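J.: What follows is a single structure, and I will ask about it in a moment.
The values are calculated or read from the model by the stated rules, or taken from the named source; none is laboratory data. Model, not experiment: these values are computed from the prediction. As a convention, Cβ positions derive from the backbone with ideal geometry for all residues, glycine included, and neighbour counts pool all protein chains shown. The accessibility values were calculated without ligands, DNA or RNA, using every heavy atom of the protein model including side chains. Shrake-Rupley method; radii C 1.70, N 1.55, O 1.52, S 1.80 Å.
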Amino acid sequence: MISKIDICSAATFGNTPQAIDNLRQFNYLFGANGSGKTTISNIIADQSHFPHCSVTWENGLSLETRVYNRDFVDRNFNPQSKLKGVFTLGEQEADTLQKINTTKKDIDDLIDSIKQLTKTLKGEDGNDGKVGELTQLETKYKEKFWIQKQKYDSKLLGGFEGVRNSKDAFKARVLAEYSTNAEALLSISELEQKSKKVFTSTLTPAQNITVPKTDSILTHEQNPILKKRVIGKDDVDIAAMISKLGNSDWIRQGLSYYEANGGMCPFCQQKTEESFSKSLSEYFDESFERDNNAIKSLLTDYSTDASRLQQQIQGLINTPSEFLDLEKLKGERLILDSLLIVNIQRIEQKKKEPSQVIELDSLKNVLAVINELLTMANKQIDEHNTIIRNISTERKILTRQIWRFILEELKQDLEDYSSQKMKLEKAITALTAQITKKEAEKARRFRELLELEKQTTSIQPTLDGINALLSSFGFTSFSLANGDDDKTYKLIRANGTDAQGTLSEGEKNFVTFLYFYHLLKGSQTESGITADRVVVIDDPVSSLDSDVLFIVSSLIRELFEDVRNNRGTIKQVFVLTHNIYFHKEVTYNSKRNGNSLFKEETFWLVKKIGNESVVERQQTNPIKTSYELLWAEVRNKNRSNVTIQNTLRRILENYFKLLGGIPLEDLYTKFDGQDKIICKALCSWVHDGSHSAFDDHYYTPLDATSVDKYLYVFKRIFENCNHIAHYNMMIGTTSKQDAIEEA
């Protein structure tokens, strides 16, 4: 069955899409002539002619469509062409008929099985089932993957280039990397650092840092003079006393005062003997002076090396490299400076007191740390320069490393996704294979059915059936006869002459409908007679009198009973009409409670708002009586300015003719000016008698201002005739059973 019809940019339908959805077995569409009903029937007949429209079939299984409308009449009852015969199954070969029934049942069973499999595969509307589950799975993990992109997008810069603005593209990249990426796993901090370098557009080579030489200053720490007690000769007669007192450094310092004092003791101011002066000089001999000079040289060299080292480190601080840990270097420099100060002070102390043994604080550890900082910085500089030389390759490598990190973050999600997807795809593959197999079997059985139908088909039963109906309803001036080729019909008069080109409009429409009615039970070819089908009946009662209209309605209701009881090949029916009586007849059901709906049916109104057709779903049967419908049109704020004049006229005719005795022909004298003209235009038509409610319309377009004037005069007529209470009741009705809800 058809589940939905979408209409857009077709004939009088505009660019605003109109949806006729949730369709059932029986679907009734009511609307005035020119409202767009035939466009709907043409779309069902062949949607390919309407590129902006679509017809959705339940479970995606389309059926044959049989459409009765003006095109069908013109196509089949052209005076210049033969009327094709309608083949139906004969009854003379019981064995063949049994085979046909069995084959048809097998085909129906296959169709039901395919429907169930398709429902499991795609759901009722084609968007659920296993396919829908897979779609939901893809959407769910697409969102999960995208969260990772948003989490790291700003940190990893160009790593997501090309997929940053598309969830679908990002998901596809995740899955592609999942099956191929085997890069080393780096931490997020490592990736951030590399991204800042590799993905920047202003990369420039960096100069390596000159690492200060420290061998010299470290060598000073092992100078033997530091641990040597520098004293005079021990074989001088004064040496024993100096050694005993341990005041060699004190005596050496006082020696300069002694010599400056002319040989007099600087302490007691007594003249000393010459031997004493000689003993002092011999005690502090050449060896003593050499050691003393060594201490002086050590102090000078150490101070010089220390100053040079400090200047080099300060230079690195003053012109820092982006790759150097400057704060740590500053901290190590402070440690170095304090050690150098202490060591220089100790050497100076050694110089003053050469007999003292001293030991310098080693610079080895602090210099090792500094050297490591500088070496690490140079390593990063080398890597940086290598990246610049191979920027394209480095970016590719880093991009893969970034995706490797993302894959690790999504590890559990990817495992769950892969597992669930594999199960769903396996189920979808299995269901698809079953459907394909059953479709092939259905096609095979259908070919068998066609061959069987050819063995027992005839156009004679249709001819007999149509002639019987024509005769029973008084159409005796013409009948249907076999054509010359036994595959066509011709219309003939009682005297045998051709009648096809001389039928009245009513006769033509009636025989056309009878032909269509029998065609629903057969086919214009020798095969396809038992194919399931959807039937569309579009205004079959034009130019028919009430008696024929009644029989057409009765025949259609018989079709409905066949559909309800699953007899025959018709699975769904659409009825479109502008005739209220016909609509009420075909929708009549003794079990209906008021205007309520059965589950098996839908009701629609097709109308024009402005110049565009619209379709509105109705919660009840919209047609109660023609009179109520007329008042509903007056109440409707979206009423048509084209038809409102005739609507008002028909209300006056229906109401005042029923009451009688109202002198409407003189009523216009109670109005003045343009109101008088409007009143006369409305009331004079009442007595014309040439039209009744909802036959063909007179169309006199009015603008909004004119409509308001007509409505004003219309109300005044009821006032002047003392029937304003009736007007108020009808204009104020809000019952749920109204023909059209107030807009």
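J.: Identify, from the list Leu544, Leu549, Leu514, Leu576, the residue that is at pLDDT 80 or above, buried (at least 18 other Cβ atoms within 10 Å of the Cβ) and either closer than 21 Å to Gly465 by Cα or not hydrophobic (A, V, I, L, M, F, W, C) (or both).
T.: Every option except Leu514 fails the conditions.
J.: Find the residue count for the range 400-417, including only residues that are open to solvent by less than 50 Å² (accessible area, probe 1.4 Å) and touching a Leu at 6+ places or on another chain (Cβ under 9 Å).
T.: 7
J.: Of the conditions (1) assigned to a helix (DSSP H, G or I); (2) at pLDDT 80 or above; (3) surrounded by fewer than 18 Cβ atoms within 10 Å (Cβ to Cβ), Ile40 clears all except one; give me its number.
T.: Answer for Ile40: the failing condition is (3).
A quick yes/no check of all residues on (1) at pLDDT 85 or above; (2) out of contact with any helix residue (DSSP H, G or I) (no Cβ under 6 Å at 6 or more places or on another chain):
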{"site": "Leu63", "(1), (2)": "yes, yes"}
{"site": "Asn101", "(1), (2)": "no, yes"}
{"site": "Asp109", "(1), (2)": "yes, yes"}
{"site": "Leu117", "(1), (2)": "yes, no"}
{"site": "Thr120", "(1), (2)": "yes, no"}
{"site": "Glu124", "(1), (2)": "no, yes"}
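J.: Pull up the range 150-174, narrow it to residues that are touching a residue at least 60 places away in the same chain (Cβ under 8 Å) and surrounded by 14 or more Cβ atoms within 10 Å (Cβ to Cβ), then point me to the one that is nearest to Tyr417 (Cα to Cα).
T.: Val174
J.: Can you spot a residue in the range 492-505 that is in contact (Cβ under 8 Å) with a residue 12 or more places away in the chain and assigned to a helix (DSSP H, G or I)?
T.: Yes, the range 492-505 has at least one match.
J.: Starting from residues that are modelled with pLDDT under 75 and among the aliphatic types (A, V, I, L, M), keep the ones in the range 611-634 and report whichever is nearest to Ile40 (Cα to Cα).
T.: Looking at residues that are modelled with pLDDT under 75 and among the aliphatic types (A, V, I, L, M), I get Ile623.
J.: Which residues, counting only those in the range 665-683, are charged (D, E, K, R), open to solvent by 100 Å² or more (accessible area, probe 1.4 Å) and out of contact with any helix residue (DSSP H, G or I) (no Cβ under 7 Å at 6 or more places or on another chain)?
T.: Listed by number, the list holds a single entry, Asp672.
J.: Considering the range 461-483 alone, what residues qualify as being in contact (Cβ under 8 Å) with a residue 24 or more places away in the chain and of a type in the set (Val, Ile, Thr)?
T.: Listed by number, the residues that qualify are Thr462, Ile466.
J.: How many of the residues in the range 361-399 are open to solvent by less than 50 Å² (accessible area, probe 1.4 Å), under 29 Å from Leu334 (Cβ atoms) and assigned to a helix (DSSP H, G or I)?
T.: Number satisfying all stated conditions: 10.
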